[in-house]
Amino acid sequence: MDEVDVVGGVRGLDRRLLSALHAHGADPRVAGAARGLSRVGEHGLLWLAAGLAGAAVDRRRRRVWLRGTALTAGAHLASMGVKRVVRRPRPAHVQPLVRTVGRHSFPSSHASSAAAAVAVVAHGALGAPLLLPAAAPLAVAMCLSRLVVGVHYPSDVAAGVALGALTARLGARWVVSGDG
């Protein structure tokens, strides 16, 4: 199989997977949940609010919470920067269930902020082992919601997750350091 066929095959798979997941939006309960997750995930709002709430409640680890929140915001900003460079249009073969802030889909900023937030929690610096079992499924649901509402291809979400995880990995030492 030559390079062009591989690219075409990946694009076709991307479209088919999106169509299959988007079909679940026909169920009003699924559509409602996906829309809600899309709204609270806009600009990383859910993850940023959770981080700020953690900083307000957990005074002993306030700096770690704030740095983790900043790292999550950084992952979101990085994804927006990549979108400006790549400029991949949003899927046109499905009817979106939500409006989007921007026209470009690669990578998913919702996925970037979700992955970064979960990676910060998974790192363990927050000393709250009960957070990961709640945060990880919520992040997965948020990523899937972007497909159900029809505004991203699966590769957009996968790239967003990778970018968020990479951002969190690169900033992990800073989050837990005592440096100002």
Suppose every Lys and Arg Cβ carries +1 and every Asp and Glu Cβ carries -1, with no other charges. What dipole size does the chain come out with about its Cα centre, to the nearest 20 debye? 580 debye
Rel. contact order, % - alpha carbon contacts under 8 angstrom, at least six apart, the chain: 31 percent
To the nearest 20 Debye, how big is the dipole of the range 65-121 about its Cα centre, given +1 on the beta carbon of each Lys and Arg and -1 on that of each Asp and Glu? 260 debye
Checked the chain with the C-alpha gyration tensor, a ≥ b ≥ c its square-rooted eigenvalues, rounded below a/c of 1.5, otherwise prolate if a/b is larger than b/c and oblate if not; verdict prolate
Please report, as a whole percent, how much of the solvent-accessible surface of the range 1-113 comes from carbon and sulfur atoms (probe radius 1.4 Å). 63 percent
What accessible area per residue, rounded to a whole number of Å², is obtained for the chain using a probe radius of 1.4 Å? 54 Å²
Could you compute the net charge surrounding L37? Neighbours are other residues with a C-beta less than 15 Å from the C-beta of L37; K and R count +1, D and E count -1. +3
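The values are calculated or read from the model by the stated rules, or taken from the named source; none is laboratory data. Predicted model only: the values in this text are computed from it and were never measured. Virtual Cβ from ideal backbone geometry, glycine too; neighbours counted across all protein chains shown. Areas reflect the complete protein model, heavy atoms only, side chains present, ligands, DNA and RNA absent. Shrake-Rupley method; radii C 1.70, N 1.55, O 1.52, S 1.80 Å.
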